[in-house]
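Report on the following structure.
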Number of protein chains: 4
Amino acid sequence: MVLNPENTRRYKLSISCPDTVGIVAAVSQFIANHKGWIIEAHQFADAESCLFFMRYEVVADSLPFGLEEFRAKFNDLAERFSMNWDITDSAQRKRVVVMVSKESHCLSDLLYRWRAGELDCDIPCVISNHETLRSFVEWHGIPFIHVPVDKADKKPHFQAVQEQIASVEADAIVLAKYMQIIPETLCEKYPGRIINIHHSFLPSFIGARPYHQAAERGVKQIGATCHYVTPDLDAGPIIEQDVLRVTHHNTTKDMVRLGKDVEKAVLARGLRYHIEDRVLVNGNKTVVFA
Amino acid sequence: MVLNPENTRRYKLSISCPDTVGIVAAVSQFIANHKGWIIEAHQFADAESCLFFMRYEVVADSLPFGLEEFRAKFNDLAERFSMNWDITDSAQRKRVVVMVSKESHCLSDLLYRWRAGELDCDIPCVISNHETLRSFVEWHGIPFIHVPVDKADKKPHFQAVQEQIASVEADAIVLAKYMQIIPETLCEKYPGRIINIHHSFLPSFIGARPYHQAAERGVKQIGATCHYVTPDLDAGPIIEQDVLRVTHHNTTKDMVRLGKDVEKAVLARGLRYHIEDRVLVNGNKTVVFA
Amino acid sequence: MVLNPENTRRYKLSISCPDTVGIVAAVSQFIANHKGWIIEAHQFADAESCLFFMRYEVVADSLPFGLEEFRAKFNDLAERFSMNWDITDSAQRKRVVVMVSKESHCLSDLLYRWRAGELDCDIPCVISNHETLRSFVEWHGIPFIHVPVDKADKKPHFQAVQEQIASVEADAIVLAKYMQIIPETLCEKYPGRIINIHHSFLPSFIGARPYHQAAERGVKQIGATCHYVTPDLDAGPIIEQDVLRVTHHNTTKDMVRLGKDVEKAVLARGLRYHIEDRVLVNGNKTVVFA
Amino acid sequence: MVLNPENTRRYKLSISCPDTVGIVAAVSQFIANHKGWIIEAHQFADAESCLFFMRYEVVADSLPFGLEEFRAKFNDLAERFSMNWDITDSAQRKRVVVMVSKESHCLSDLLYRWRAGELDCDIPCVISNHETLRSFVEWHGIPFIHVPVDKADKKPHFQAVQEQIASVEADAIVLAKYMQIIPETLCEKYPGRIINIHHSFLPSFIGARPYHQAAERGVKQIGATCHYVTPDLDAGPIIEQDVLRVTHHNTTKDMVRLGKDVEKAVLARGLRYHIEDRVLVNGNKTVVFA
């Protein structure tokens, strides 16, 4: 059997459960019993939380059944080990809603990657509180939904946003420089599914104007952080981070410009991990099987 | 059972074999059958060579037998899958001979890491073609063996070196800036066990005076490469590489100085991978389960 | 006098000449005599070539005259020190022709930066040997010129390209993954003005399919190189380079995808340096006053 | 005149003053008038503080006088521009006291660099609150001064430390993992001359056990910060910072080990900048003319 791993339909099995002896053996035996071909495998035992995490990619066609039957058959084993688990199909692309404000660097980068096939997802719509980026989005054939914000009362805005997200049956929401604080109700409706890019190396410079804070402190590197959104501002589980070097020559405005490159790179990596079901949440931390 | 993963004696099982269905299941079932606790696992299927590589770390005390019995019991399974395989015991420290010339940056770094417990190996001796570094080595309580080189006839030198290596029963030889070309016979006696640090980002600047070559070409980053030594000069399997930025301001002499930091970091990482049995050779490439 | 350095019109003075005592004093005195305000200054003495390089940015409005008069007045001093020199006006944006084939990562990145104001230049047209990227370019309001290549005879193609470049009075030509070897005549017509992005860390992997070469050699980092094009393939002066880490898990196809991020970042930085007149050619090397 | 820039005695002139037109011209003219040969030059205008910073390196033998006469002659010019300024002689090596506790990674690295000639300074003594590192220090021929700390009353300790520092006429004090909070009086006695290495990417994780804080927050990179010590804990002007990547696999103990490499690299770079008079303090920030 010759396999081209790049073009192969895969099932992605993610598991977390209390750590004990025999988990890997049980799971891999289950898959081997059904002649499943594991082409990628990761595992991690967190000595602190005593939790065990694993992720398998199995060639879909190597198994004699589909996801539904897999789920039914696997259930006993999952219960035996008290697993939180999920299995997804690479052929079923995630539906990712992108939310933006006026700044286009993250959006441009994501849409480039999307149309080039680097991000394996659907984008049912882009939602924005401004009209600025409509033409660029629509050139891509993606609906652009303008939902204005009334600063005096943001409730109607978020109500409309939430309905729009629900109506397109989004699997994930990406805040690609959306610049509004997400209300608690929305956070709780999509736990581990709202992805933000913050323009600092968290936990440094939480909140507004992080580059100004960075310039004032005189740091020698600036960074960006991709994280899941929780009601606690800029404090959700971190998926990915990176930094770049600055010097005394760099003004705040330079930092804003230079930082864009890190922001978009970090967001693209974080989103890719999420889309490929490589991120498992571990309390307020993440396990990223990259 | 509470485990401190840092201080736990482990068996390290490394396998490479033709890729097929069921390898992971068979191996993990074998270990589970004996109540073995897998605390680290890596695998890789090379679509090009159609080879499969895996590495398990098992808590030694979780198994009811030692290495000898493991080897005997595992043999059938290994033969069934045509495995190249090995299992080592973390309690059995590797014996690493370090060879140097006059430059001390890599040696200083390795010996610091060794005495700080960062490199889990024994160093039965340091061999050098110069007396320069004797006092520093001896301060560490390590025998320093001076084996002079006669440029007109290097054979006696390498004969003496080979005898010294054999007499201390070395598991690995580290060329920490040894600056002599290893003869083919020695290479072949220790395949995948002689580790060199080359002061360029290979395959750029093979051979002598790579920083001078780099300065002449006007590159904007310089690098270093840790690789296994084969009879083909600077062409063996690469274990680890890294680079750092230089500018037009940096003279060749600057590059030599700056490059030392990359050289010693890359060698330390490469050696650590080797000592922990994380490097599996795949043709002229390496699989590094870091 | 309060100055906003970001929005200030500047004269950019670049000088290279044989190194001797008094150059900086003479030049800065000349500028001070005319009440010029130097807001950025760099200099470099190359001990090897015995050449001296310097670059000043002067606030345009601080001088009592324009470029023409500057040139006339500065001439004596320049001759005294046998200077190669040039002065440009930040208000006079460079005209940059972008050449592409079918791949869009560098083009998308450059056009994003251009429309976001990160690249301070005009793009009079994009030239391509394929129709693939027409719609994307035209959405930006930039003319897209399709000049097909006849593999049997590439001369007419390059004749047409050269005429197009001349007709828009290009100051610089960017090969943003153009994938054709530039003929010597074109190279010589625009020395130090044709900028290429090569998808390897030169001088490693010159020529075709560098990622395949990299995968075969088993390197642990891949890179990209932005350089001026000379008739000698992939051997012109290097402007900028960078790398990223890969592992045994990364297939050649992964490297191609991952490498795109380095390619576009390195090209964007290199082009920015060029546009801002920060690159001075020093034999087959560059001085980059970044 | 042929110059080997590596071995040349240099005067290092550092200036900060209110920004205005003509500073560079005046200074470079002064030097040119005395036939001084400038071999390195940096300048920076801080648009925010409206301060101007510059640093020249002049070949000592190219001037017809020594430092004392330079100072006398330069004074008028300095007063005209209200300069804070200093000039030092590369032949006059700084006297750097190193303070340590029990951890040896930074000390080992600094002493390696010192004996290899990478750090151009004298080390009149190493002071420690423990005996642990005596033998290693003394092997280098450097006096090791043990000054115990009484936790109940640290005053006598710091009194003795301060006397020791004064008795060896230290120009700078390096806290190479000294792990004690420096009292305000000592900070104020040596402003801009006490250099600390903090094991986090400040301002993240100020105070104790930063790696534990980092592990708990689940960051994806850890870092280190070299800064001048002020009475405000971990809040002094930052000289240098760097980071390295960690994953969920890395325990706190791993971070401690991995972080050592960043700590020692960042401290070595920061100290080198300081020794070469490349760091100019700008409020609570630094200008580093690297």
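The values are calculated or read from the model by the stated rules, or taken from the named source; none is laboratory data. Here the structure is a predicted model, which is why all the values come from computation and not from measurement. Heads up, the Cβs are rebuilt from the backbone with ideal geometry, glycines too, and the neighbour counts pull from every protein chain shown. Each accessible area value is taken on the protein alone, full model and side chains, heavy atoms only, with ligands, DNA and RNA left out. Shrake-Rupley method; radii C 1.70, N 1.55, O 1.52, S 1.80 Å.
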Q. Any residue in the stretch B:178-188 that is at the interface with chain C (Cβ under 8 Å from one of its Cβ atoms) and either free of Cβ contacts under 8 Å to residues at least 60 places away in the same chain or farther than 19 Å from B:K260 by Cβ (or both)?
A. no
**Q.** Residue among B:A224, B:A268, B:A290 that alone is in a loop (DSSP other than H, G, I, E, B) and under 25 Å from D:L244 (Cβ atoms)
**A.** B:A290
**Q.** Given (1) over 27 Å from D:H198 (Cα atoms); (2) in the same structural domain as D:G259 (by TED's automatic domain parsing); (3) of a type outside the set (S, T, Y), index of the condition D:W114 fails
**A.** (1)
**Q.** Filtered residues of the stretch D:123-152 (kept if assigned to a loop (DSSP other than H, G, I, E, B) and either closer than 18 Å to D:V96 by Cβ or of a type in the set (D, E) (or both))
**A.** D:I123, D:P124, D:C125, D:E131, D:L133, D:H140, D:G141, D:I142, D:P143, D:V147
Q) Only one of (1) open to solvent by 10 Å² or more (accessible area, probe 1.4 Å); (2) farther than 26 Å from A:M54 by Cβ; (3) within 12 Å of the chain's Cα centre (by Cα) is not met by A:Y273, so which one is it? A) (2)
Q: Looking only at the stretch B:62-71, decide whether some residue is open to solvent by less than 10 Å² (accessible area, probe 1.4 Å), in the same structural domain as B:P18 (by TED's automatic domain parsing), within 21 Å of B:L280 (Cα to Cα) and out of contact with any His (no Cβ under 9 Å at 6 or more places or on another chain).
A: no
Q: Identify the residue in the stretch D:202-253 that is among the charged types (D, E, K, R) and more than 9 Å from chain A (Cβ to nearest Cβ) and, among all such residues, is least open to solvent (accessible area, probe 1.4 Å).
A: D:D234
Q | Residue that is modelled with the lowest pLDDT [pool: residues in the stretch A:46-56 that are open to solvent by 10 Å² or more (accessible area, probe 1.4 Å) and among the hydrophobic types (A, V, I, L, M, F, W, C)] | A | A:A47
Q) For A:P183, all conditions in the list (1) crowded, with 18+ Cβ neighbours inside 10 Å; (2) in contact with a helix residue (DSSP H, G or I) (Cβ under 7 Å, 6 or more places away or on another chain) hold save one; what is the number of the exception? A) (1)
Q: Considering each of D:V126, D:V98, D:V59 in turn, give the residue that is open to solvent by less than 30 Å² (accessible area, probe 1.4 Å) and modelled with pLDDT under 95.
A: D:V59
(Q) Looking only at the stretch C:10-25, filter to residues that are outside any loop (DSSP other than H, G, I, E, B) and farther than 17 Å from C:I87 by Cβ; which one of those is nearest to the other protein chains (Cβ to nearest Cβ)? (A) C:A25
Q. Does D:P156 satisfy the criteria of being over 25 Å from D:R272 (Cα atoms) and either in the same structural domain as D:Y190 (by TED's automatic domain parsing) or open to solvent by less than 70 Å² (accessible area, probe 1.4 Å) (or both)?
A. yes
Q) Taking strands (runs of 3 or more DSSP E) that fall entirely within the stretch A:26-117, which contain at least 3 residues that are of a type outside the set (S, T, Y), over 25 Å from A:V174 (Cα atoms) and touching a residue at least 12 places away in the same chain (Cβ under 8 Å)? A) A:38-46, A:51-59
Q. What single numbered condition from (1) open to solvent by 10 Å² or more (accessible area, probe 1.4 Å); (2) more than 9 Å from chain D (Cβ to nearest Cβ) fails to hold for C:Q43?
A. (2)
Q. When only residues in the stretch B:26-40 that are closer than 21 Å to A:K35 by Cα and among the hydrophobic types (A, V, I, L, M, F, W, C) count, which is nearest to the other protein chains (Cβ to nearest Cβ)?
A. B:A32
Q | Exclusive hit being of a type in the set (D, E, K, R) and within 22 Å of B:V100 (Cβ to Cβ), set B:D261, B:D254, B:D232 | A | B:D261
**Q.** Any chance A:V174 is without any contact (Cβ under 8 Å) to a residue 24 or more places away in the chain and open to solvent by less than 40 Å² (accessible area, probe 1.4 Å)
**A.** no
